[in-house]
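Below you'll find the structure, written out as structure tokens, and then a few comments.
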Amino acid sequence: MGIDTVALTPWISITLLIPVAGALLLALIPGDRPRAHRGISLFFSLLAFLAGLTLWVNFDPARAGFQMVEDHPWIPAIGARYTVGLDGISLLIFQLTTLLTPLTVLSTFRAIQKRTREFHIALLTLETTMLGTLVAMDLLLFFAFWEMMLVPMFLIIGVWGGERRIYAAVKFFLYTAVGSVLMLVAILYLYRESGGQSFALLEWQRLELPVRAQVWLFLAFALAFAIKVPLFPFHTWLPDAHVEAPTAGSVILAGVLLKMGTYGFLRFAIPLFPEAAGLLSLPIWILAVAGVVHGSLTAWAQDDVKKLVAYSSVAHLGFVMLGMFALNVEAVQGSVLQMVNHGVSTGALFLLVGVLYERRHTRRIDAYGGIAGPMKVFAAVLVIVTLSSIGLPGTNGFIGEFLILAGTFREALSSQGGFRTAGLVLGVVATTGVVLGAIYMLSMVRRVLFGPIVHEENRTLPDMSGREFAVLAVLVVLVFWIGWNPRFFLSRSEASVTALVERYHQRVAAERWTGGGQGAAARGLFRAPLAEEGGR
Amino acid sequence: MKDLVAISPLWVSALTGLVAMALDLLTGSGRKSFLAWVVAIGLSLSAALGLALWRDPVILSFPSLVAVLHLDFHGAFFGALVALFGALAALLAVPHLPEQGIDEGETDALLAFSAFGGQLLVVAVDLITLFLGLEVLSLSLYVLAASRRSSPFGAEAGLKYFLLGGVASGLLLLAAAFLYGATGSLDLRTILDRLLAGSGGTDPTLAALALVLILVALGFKVAAVPFHFWTPDVYQGSPPPVTGYMAGAVKAAAFAVLARLLLTLWEVPAVAALGSRDVLLWLGILSVVVGSVLGVVQDDARRILAWSSIVHAGYLLLGLWAVEPREGIGGLWTLNGSVPFYLLAYGIASLGAFGALGVFARGGHEDYRLARLAGLGRGHPAATFVLMASVLSLAGMPPLGGFLAKFRLFQHVVAVDSPWSIPAVVIAVLASVVSLYYYLRILKVLYFDEPSEETAGHASSPAAAFAMAATVVASLVLGIVPTPFLDAGRRAAQGTVLAAGASLERVAAVATPSPAPVSAPVRFGEGVVPPDARRPAPPVPVQVIRDAVGGYRPPEAPLDQERRRAPDGARLMEVFRSPKARP
């Protein structure tokens, strides 16, 4: 990986600046004009989407490295630079973010009535920080954006959330902060080891660190990312945060914020510490599959719709982690696509839950039932989104999960010994997770939409408004677009993912062991000390 | 005249205080917010003069006053911090004081005087001037701490600060006496030279004892554990803008002088052998951990910020531990550049936080329990935003100055060649998450809780609004475009160890095999003043000797000559002798 093209027009920076400019403008508007706040917020988030589209257009899918790179000195005294750029991995999530934000803004028109100005300021600031995290190629810049994401989300959950919002907000903040401070120490250590000249990701990738140090550093980074993902067993903040956050907060949280964790693994943890990533891939697989099973079973047991969707996130991101640490092209491509899918499907699910909540002010599944009658459009959309979430062929979810599982099995089969057995067992268990997903999602749909109408007030529920439908229509189009024409999306990330995987294998193979596949790499690491002793 | 210009930053501050006092007397009763502007402008002018004038190191000595000043960027930077914090505090106090029935003129004048003390402290080379500076700074603050006269908390704060501060000052004086006993001089450069020369009577044990006393005395001033017990009570009892000044300016001045004294003494291998620099590491870790944990159980915003101030003292001690090589001189160490930057970012954030607390004082309430801050974000978005931004800067969140300061400081700690450098940072960052909890509690009551009857009223004024906006802008600037300030901090840090000229000289002496000129043995209690030097110094009015350090060439036998010209002992006695008794 390297820098492939340099930006002629700083479109990335412009896209980053648009939301924050909107936030500054909002700060000047009096607090009692909610319509103006919503309009400005929508305008600026759409503007950011359009600016983001120029990146999509200018992006050359054939190149693997970073494109449209902007590089300026930031703090020369310590060598920190403002370096931003996009590659195939970040491009998709970047577009997802710029797309989801205006949709989220639209979804709040009725849901957020108090302190609209502050809400939209927080939302727009959050967008800038999320986008910044995705494009930063300088570790200090990345860390700054990463930390900055916390405050707006903390406020969104804590001010506009549900009953236990304060507990959820503080838990969210502290959990994420614990993870990131250790990453900070790791960054400082890397800075010292790299000669104390720069924070550039591309330079740090060339460091040849001893495996022991790599493992510690990887763990420090991985903790930060694993909490964000969230990887089992670091997921306990997620149901609280999701349930208590307002709909808009949940959509952003599920759609984008969680991706920062998985993205962090792909962008930083794996390329910087390839040997450690190989060594620790089996434990991560185990945690990922545990997350799939735990998330699915817990979701099954919920009688709160939002909690159910929240736990389904844990399961879905377990798949993403599984594919990522299979470290071959299919699986990683699948997990990149699954990140987008999860943003689309789960984002849509949270929006749908929000639609229900606005009507009945309850999220209990047994408060509904039979509402397919009065809410026909809603029912149709919910069924489509549910099918996409459980991975029905023809929808986006199928492509992602299939690639992940196929890649995982290939990886397991290409290795030998214990790793092979473990990989196959985990793959089978993860596949069962797909079935579990179908069970809990479909049973939720059945209990909400079908059956007799038990509660009289459900009989007269108004169907989705034009605005609500418009928001969801965009996501439904994406569901089928990705489902029918995945090449269009996969081709963007293919070159970068291939380069990432190849680089990983080169690095791992360049060490003492040989053999293909990350299973071999991990075994080689386990075996290495013994082989050395034998040699002596 | 030239020298009057050179020391103009000092007398401008002092004059500002006098002018404020005089104007206060002349204008009779009524609101006196203009005095705050007078003080703010005067102190800003003083800061600007210092930054403009004190660039290349210049040593000014005033033999008849036994005063030696070292005017360089170190003094300019720290002096400017103290003066600017004083200016901000004066403006921030404008709406607070009348609500609380505190005399405005008095507060403003005392702020200016204490800033003068701080500025004097950071340029002093001889221990007497240094002590005087510290006392001017502290005495003004003792009064300011107690300025809420009707309140028992105010009295408690003043008394506690005064008694414990008095003990600390006494210890510092004792340290000065020990150093004098060890070396026969009060001039830091001479002390260092004689200790380094190391023969005969110079006594490293006494110097090491002095080092411990200095650490205790200034550890008290900066609120480091275990010398921190006064902090929560004093922070709670003083008017918040004064507390913000206390936190920012006293820490800045005290850390500057602590670094100067400790690092100077540690230059001496014999002293360093008796007391390792690692004591800073342990005090730092202790402060960070204790401050983080005990802050969690507090219920008053000022007490929370007091514990936070203890945590920050701990980070700064770690920064002080992480010395870096001095430019151009191999093997010698100086303060690293992150500490001055940290003091700047911390002072601004704590002034912003306490200043914002101070404007929620309507109706004479002096209670800042968290419950009284509930829901303020709704009614007073601007002031609450300032409080939030300052608290987040204290917590070290980007893009505010506090983040970069902490980051830079930890960078230096990680770079220390010690097995403890990484564990220290890990402990510090984990403690910072604990302290994050209480910062979040403040944000929580401000934004998440509903306003209640208890919620504080808001008293605003253009002056305070200006100062509050300035703190937020400054925090953002420090976080986003920190380069000029980082550079300034580094330059300021380079001037920490005083005997720059003498040290250069010393390196040269080590390089050439010829033995360095060593003075006659000086024993404790005797021989401090050689017989031939008992001839008192000629009673010149204010004879100013100026020598740029760049061209500082000590004569063949520097110690002897200097002593013949004006032996410290003789000069010291001269001060206490009446003019008539002089021959």
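Things worth noting here:
- Matching residues, the range A:433-442, being closer than 17 Å to A:VAL293 by Cβ and either in contact (Cβ under 8 Å) with a residue 24 or more places away in the chain or in contact with a strand residue (DSSP E or B) (Cβ under 7 Å, 6 or more places away or on another chain) (or both): A:GLY433, A:VAL434, A:LEU436, A:GLY437, A:ALA438, A:ILE439, A:TYR440, A:MET441
- Residue list for the range A:173-212, restricted to those being away from chain B (no Cβ under 11 Å), part of a helix (DSSP H, G or I) and open to solvent by less than 10 Å² (accessible area, probe 1.4 Å): A:LEU201, A:TRP204
- Conditions (1) surrounded by fewer than 24 Cβ atoms within 10 Å (Cβ to Cβ); (2) at pLDDT below 90: number failed by A:HIS242: (1)
- Any hit, the range B:238-249, residues being open to solvent by 10 Å² or more (accessible area, probe 1.4 Å) and in contact with a Phe, Trp or Tyr (Cβ under 7 Å, 6 or more places away or on another chain): no
- Within the range B:173-187, considering residues that are crowded, with 24+ Cβ neighbours inside 10 Å and of a type in the set (A, V, I, L, M), the one nearest to B:LEU265 (Cα to Cα): B:LEU179
- All conditions in (1) part of a loop (DSSP other than H, G, I, E, B); (2) open to solvent by less than 50 Å² (accessible area, probe 1.4 Å) hold for A:LEU8, with the sole exception of (2).
- The numbered conditions (1) outside any helix (DSSP H, G or I); (2) without any contact (Cβ under 8 Å) to a residue 40 or more places away in the chain are all true for B:PRO451 except (2).
- Criterion violated by B:ASP56 - all others in (1) surrounded by fewer than 24 Cβ atoms within 10 Å (Cβ to Cβ); (2) of a type outside the set (Val, Ile, Thr); (3) under 20 Å from the mean Cα position of the chain (by Cα) satisfied: (3)
- For the range B:431-445, the candidate set comprises residues that are open to solvent by 50 Å² or more (accessible area, probe 1.4 Å) and within 7 Å of chain A (Cβ to nearest Cβ); within that set, the residue that is nearest to B:ARG326 (Cα to Cα) is B:TYR437.
- If the condition is being buried (at least 17 other Cβ atoms within 10 Å of the Cβ) and in contact (Cβ under 8 Å) with a residue 40 or more places away in the chain, then the range B:38-52 contributes B:VAL38, B:VAL39, B:ALA40, B:GLY42, B:LEU43, B:SER44, B:SER46, B:ALA47, B:LEU49, B:GLY50.
- Residue that is open to solvent by less than 30 Å² (accessible area, probe 1.4 Å) and touching a Pro at 6+ places or on another chain (Cβ under 7 Å), where the choices are A:GLY370, A:GLY397: A:GLY370
- When the range B:276-301 is filtered for residues that are under 20 Å from B:LEU263 (Cα atoms) and surrounded by 19 or more Cβ atoms within 10 Å (Cβ to Cβ), the ones remaining, listed by number, are B:LEU280, B:LEU281, B:LEU283, B:GLY284, B:ILE285.
- Contact map, the range B:380-391: first residue within 10 Å of chain A (Cβ to nearest Cβ) and free of Cβ contacts under 8 Å to residues at least 12 places away in the same chain, second residue in a helix (DSSP H, G or I) and open to solvent by 10 Å² or more (accessible area, probe 1.4 Å), Cβ cut-off under 8 Å, separation 6 or more or different chains; pairs are B:PRO381/A:GLU118.
Rundown of residues vs (1) surrounded by fewer than 16 Cβ atoms within 10 Å (Cβ to Cβ); (2) basic (Lys, Arg); (3) within 14 Å of chain B (Cβ to nearest Cβ), yes/no style:
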{"position": "A:GLY39", "(1), (2), (3)": "yes, no, no"}
{"position": "A:ARG63", "(1), (2), (3)": "no, yes, no"}
{"position": "A:ILE89", "(1), (2), (3)": "no, no, no"}
{"position": "A:LEU92", "(1), (2), (3)": "no, no, no"}
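- Every residue from the range B:109-153 that is at pLDDT below 90, open to solvent by less than 10 Å² (accessible area, probe 1.4 Å) and part of a helix (DSSP H, G or I): none
- Hits in the range A:484-500 - residues which are open to solvent by 10 Å² or more (accessible area, probe 1.4 Å) and in contact with a helix residue (DSSP H, G or I) (Cβ under 8 Å, 6 or more places away or on another chain): A:PRO486, A:PHE488, A:PHE489, A:LEU490, A:ARG492, A:GLU494, A:ALA495, A:THR498
- Where A:PRO102 falls short, out of the listed (1) part of a helix (DSSP H, G or I); (2) more than 10 Å from chain B (Cβ to nearest Cβ); (3) surrounded by fewer than 21 Cβ atoms within 10 Å (Cβ to Cβ): (3)
- Among residues that are within 14 Å of another protein chain (Cβ to nearest Cβ), surrounded by 18 or more Cβ atoms within 10 Å (Cβ to Cβ) and over 23 Å from B:MET388 (Cα atoms), B:LEU370 is not included.
Residues are listed down the side, and each one gets a yes or a no for (1) under 30 Å from A:GLY162 (Cα atoms); (2) in contact with a helix residue (DSSP H, G or I) (Cβ under 6 Å, 6 or more places away or on another chain); (3) more than 7 Å from chain A (Cβ to nearest Cβ):
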position	(1), (2), (3)
B:PRO398	yes, yes, no
B:GLY401	no, yes, yes
B:ALA405	no, yes, yes
B:ASP417	no, no, yes
B:PRO423	no, no, yes
B:ALA428	no, yes, yes
B:GLU450	yes, no, yes
B:SER461	no, yes, yes
B:MET468	no, yes, yes
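- Unmet requirement for A:GLY162, which otherwise passes all of (1) at pLDDT 90 or above; (2) more than 9 Å from chain B (Cβ to nearest Cβ): (1)
- Unique residue being open to solvent by less than 10 Å² (accessible area, probe 1.4 Å), in contact with a His (Cβ under 7 Å, 6 or more places away or on another chain) and either in a helix (DSSP H, G or I) or not acidic (Asp, Glu) (or both) when the list is B:ILE310, B:ILE304: B:ILE310
The values are calculated or read from the model by the stated rules, or taken from the named source; none is laboratory data. Fair warning: this is a prediction, and the values are worked out from it, not measured in the lab. When we count neighbours, we look across all protein chains shown, and the Cβ atoms used for this are built from the backbone with ideal geometry, even at glycine. Each accessible area value is taken on the protein alone, full model and side chains, heavy atoms only, with ligands, DNA and RNA left out. Shrake-Rupley method; radii C 1.70, N 1.55, O 1.52, S 1.80 Å.
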